[in-house]
Amino acid sequence: MKIKNLILSIGFGIYPIIFLYNYNKDFIRFYDIFRPIFLSIAIIISLYLILYKTFNKNAEKALTLTAIISILFFTYGHIYELSENLRHRFLIPIWIGLFILAYLQVKKSSKVAPWLVDFISFVGLLLVVFSSFQIISGFIQLIPSNDHPPRESYKDNSPDIYYIVADGYSRGDVLMDQFNFDNSAFLKKLENEGFYIADCSLTNYSWTFLSVTSTLNLDYLETKDEAYHDAFNDAYIWDILNEHGYTTIVLDNDFSRTMVIDSDVYLKDFSSNDKLQYTFSDFEFMLIKTSATLILTDGLGAISDSIYEKITAAPLNIRYEKTTSLIKNLKLIANLYQSPKFVYAHIMVPHDPFIFSPDGELIPEEKDMEKGYINSVKYLNSELLSIIDSILSTSDEPPIIIIQSDHGWPLSPKESRMPILNTYYLPAQSDVSLYETITPVNTFRLLFNTYLETNFDILEDISYYTNHLQQEIEDGEIFTNNCVSD
């Protein structure tokens, strides 16, 4: 047996997993790829050995058919989703036919054409090298940075800062125009608590990983890739806070872009049902939906709705528990850590999946998107008011509280996606110059100038709209703010 061919075969099994991870790496955790990779390697090795024995120890034939089977397996779900008319009953026979055709062609040949073996070997080598590089790069990014400057407290009265991101929360006028939902009662309660509402605020970028990375770096991004490489661990804000003696606290929400593993405190505490630990991750569900495994899960759904629901509901249950745990911890955190502290909480509500009732109960994922979205807004409104009350009532000194969205209604055109909720509670200061069109890129520039005595310029407020994740920033459009405040 040629070990080289076995290794090349593995490339065809792990590359699709790496590719799917790279395409979705802002929404999943790096370590979620390992279980699928190990399983894929085990299956590929077993398949290769079976074919090697079947073809009388012909390594070239085993390599060729292993590559073909891998391609058929990992492309099935993609083709199924892209083709509106091809259902399982049509697509399965086509895939089986392609497999039989390939098998018979390889079997009857005395040997595989050298050019085909060379081509498959070359592609397999590229896939192995590329996949290995991506895995190593992922490990490197997980290593915490230890080069923070020593702490110095420049001001004895630096306020605690709570930065709360409500993912996908649209501005009040959008909620009225798009959903006929009047959010004024909630906004009025915020104002009564002392919050400033930026009535005409827009996001700087239309996607989470661009928007929040820009906010925490206090600057615009030159390219989309900068959002990947300027990870939260390296964002400029952490250096500023560290220099001013802040304890940085990040609350876990199971969203990879907010996993600041070298913050002073990474609060990861939720009481999950033990059974959920042995189910599929969100990434594994992506793999299921894009591969031939989709046949199995859809088949289980046809046989037993209860089995199917138990499988598919697990990630939603975990999302629910993580979100409610984050909110619970946010209400308790004021007296748990010394001041000054910076608390970052990225709440994955009202973003889909819509699994919250207005009262906060876990419900099956709402298929009526607009109804589910407004239910989530109602739930979060109630929790935010409770969070604010808890923070203010337990803080020794008045804190800064920022409640801000990364973008608006997540399933909408730019007119609804760009306007955001953007609110501020500030300790009494006569020289705070908040304004109704402020965008997140200027949030910490303005606040740090006031409370930490920095000297940042206030940037022009610009909003960049890109219509999909992979579009480069420079290829997007500048969204004009036509908002007129009442």
Residues being of a type in the set (A, V, I, L, M), within 30 Å of residue 235 (Cα to Cα) and at pLDDT 90 or above - total across region 334-375
5
Let me spell it out: the conditions are (1) buried (at least 21 other Cβ atoms within 10 Å of the Cβ); (2) under 30 Å from residue 248 (Cα atoms), and residue 373 meets all of them except one. Which number is the exception?
(2)
Taking the conditions exactly as written (among the hydrophobic types (A, V, I, L, M, F, W, C), farther than 15 Å from residue 205 by Cβ and either outside any strand (DSSP E or B) or over 20 Å from the mean Cα position of the chain (by Cα) (or both)), does residue 459 satisfy them or not?
no
Residue pairs, Cβ under 8 Å, 6 or more apart or interchain, first in region 402-423 and at positive phi and at pLDDT 95 or above, second in a strand (DSSP E or B) and surrounded by fewer than 20 Cβ atoms within 10 Å (Cβ to Cβ). List them.
none
Kindly check whether there is at least one residue in region 342-356 that is part of a helix (DSSP H, G or I) and over 22 Å from residue 286 (Cβ atoms).
no
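The values are calculated or read from the model by the stated rules, or taken from the named source; none is laboratory data. Everything numeric here is computed off the predicted structure, so don't read it as measured data. All Cβ positions, even for glycine, are placed from backbone atoms using ideal geometry, and neighbour counts span all protein chains on display.
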